[in-house]
1. Which one is surrounded by the fewest Cβ atoms within 10 Å (Cβ to Cβ), of the residues in the stretch 17-56 that are of a type in the set (F, W, Y) and in a loop (DSSP other than H, G, I, E, B)?
2. Against the conditions (1) in contact with a helix residue (DSSP H, G or I) (Cβ under 9 Å, 6 or more places away or on another chain); (2) among the acidic types (D, E); (3) at pLDDT 80 or above, where does E29 fall short? Just the number, please.
3. Give the stretch 1-16 a look and list any residue that's in a loop (DSSP other than H, G, I, E, B) and surrounded by 10 or more Cβ atoms within 10 Å (Cβ to Cβ), or say none.
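The values are calculated or read from the model by the stated rules, or taken from the named source; none is laboratory data. Because the structure is a prediction, the values reported are computed rather than measured. No Cβ is skipped: glycine too gets one built from the backbone with ideal geometry, and neighbour counts run over all protein chains shown.
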Amino acid sequence: MQSQAAPFNTLKYTVVGTNPAPLYFSVAETTGEVRIRSALYADQTQSQYVVSRRAF
């Protein structure tokens, strides 16, 4: 039976997505909260971004 004590009960998150999304977004490693890393209005070529979180 696997232990349910740390570190076995802890998730870490990372951002995954196609460019340029990882340049503009970050994910808090412990909470999974998505944050804006850079001003989106600076990129005049994108009208949408695909951002996903990976938990491991």
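1. If we filter the stretch 17-56 for residues that are of a type in the set (F, W, Y), which is where we start, we get 24-25, 41, 49, 56.
Adding the requirement that they be in a loop (DSSP other than H, G, I, E, B) leaves 49, 56.
Working: Y49: 16, F56: 6.
So, considering only residues that are of a type in the set (F, W, Y) and in a loop (DSSP other than H, G, I, E, B), the one surrounded by the fewest Cβ atoms within 10 Å (Cβ to Cβ) is F56.
2. All conditions are met except number (1).
3. Narrowing the stretch 1-16 to residues in a loop (DSSP other than H, G, I, E, B): 1-12.
Once the filter is applied, which keeps residues that are in a loop (DSSP other than H, G, I, E, B) and surrounded by 10 or more Cβ atoms within 10 Å (Cβ to Cβ), the stretch 1-16 yields L11, K12.
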